[in-house]
1. Could you check how many residues of the range 53-82 are in contact (Cβ under 8 Å) with a residue 40 or more places away in the chain and within 18 Å of residue 8 (Cα to Cα)?
2. Consider the range 1-23. How many of its residues are crowded, with 17+ Cβ neighbours inside 10 Å and touching a helix residue (DSSP H, G or I) at 6+ places or on another chain (Cβ under 9 Å)?
3. In the range 53-72, how many are touching a His at 6+ places or on another chain (Cβ under 7 Å) and in a loop (DSSP other than H, G, I, E, B)?
4. For the range 81-104, how many residues are farther than 20 Å from residue 19 by Cα and polar (S, T, N, Q)?
5. Would you confirm whether or not the range 100-119 contains a residue that is part of a strand (DSSP E or B), at pLDDT 60 or above and either out of contact with any Asp or Glu (no Cβ under 6 Å at 6 or more places or on another chain) or basic (Lys, Arg) (or both)?
6. Of (1) touching a helix residue (DSSP H, G or I) at 6+ places or on another chain (Cβ under 8 Å); (2) in contact (Cβ under 8 Å) with a residue 60 or more places away in the chain; (3) crowded, with 16+ Cβ neighbours inside 10 Å, residue 31 satisfies all except one. Which?
7. May I ask you to verify whether residue 87 is of a type outside the set (D, E, K, R) and at pLDDT 95 or above?
Amino acid sequence: MMDMVPSRPYLMRALHEWIVDSGFTPHLLVDADYAGLEVPDSARNDGQVVLNVSPHAVRDLVMDNELVSFVARFAGVSRGVSVPVAAVKAIYARENGRGMVFPEEDGLEQADEAADKPSTGGDDDSPGRPSLRVVK
């Protein structure tokens, strides 16, 4: 069985478009400690980063399945920003807070993958007998 592509990047793109089309300002709430996050240190606050990703605030916005990247001005200086999609905690409209909060981890998708894997054998895999395995 094939694994499904994570839904987070698709939902982010759709919500970004919806927020912009509605005339509001889309913001990303990002985990400031996530590996691979490239933002100015001045943007980090209490373990979070809030990024305005409206067309008026950023240039060259790309939201692909692994990364959100763009150029924005911080304290008057243009800087490249790179955000792993998994680091995005939420996308919302600044004006009214409408949007979506994403789960900490895609635990459901990981659990589905583990359930789809066949047993690797062993004496405890007899039919009708439950067994527990550690899934990493």
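1. Of the residues in that region, 6 qualify.
2. Taking the range 1-23 first, the residues crowded, with 17+ Cβ neighbours inside 10 Å are 8-9, 12, 15-16, 19.
Filter once more, keeping what is touching a helix residue (DSSP H, G or I) at 6+ places or on another chain (Cβ under 9 Å): 8-9, 12.
Here the count works out to 3.
3. The total comes to 1.
4. Matching residues across the range 81-104 total 1.
5. Yes, the range 100-119 contains at least one residue that is part of a strand (DSSP E or B), at pLDDT 60 or above and either out of contact with any Asp or Glu (no Cβ under 6 Å at 6 or more places or on another chain) or basic (Lys, Arg) (or both).
6. (2)
7. Answer is yes for this residue.
Matching residues to (1) under 17 Å from residue 91 (Cα atoms); (2) in contact with a Leu (Cβ under 8 Å, 6 or more places away or on another chain); (3) in a strand (DSSP E or B); (4) without any contact (Cβ under 8 Å) to a residue 24 or more places away in the chain:
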| residue | (1), (2), (3), (4) |
| --- | --- |
| 20 | yes, no, no, no |
| 23 | yes, no, no, yes |
| 42 | no, no, no, no |
| 51 | yes, yes, yes, no |
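The values are calculated or read from the model by the stated rules, or taken from the named source; none is laboratory data. Note that the structure is a prediction, hence the values are computed from the model and not measured. Neighbour counts are summed over all protein chains in view; Cβ atoms, including those assigned to glycine, are modelled from backbone coordinates with ideal geometry.
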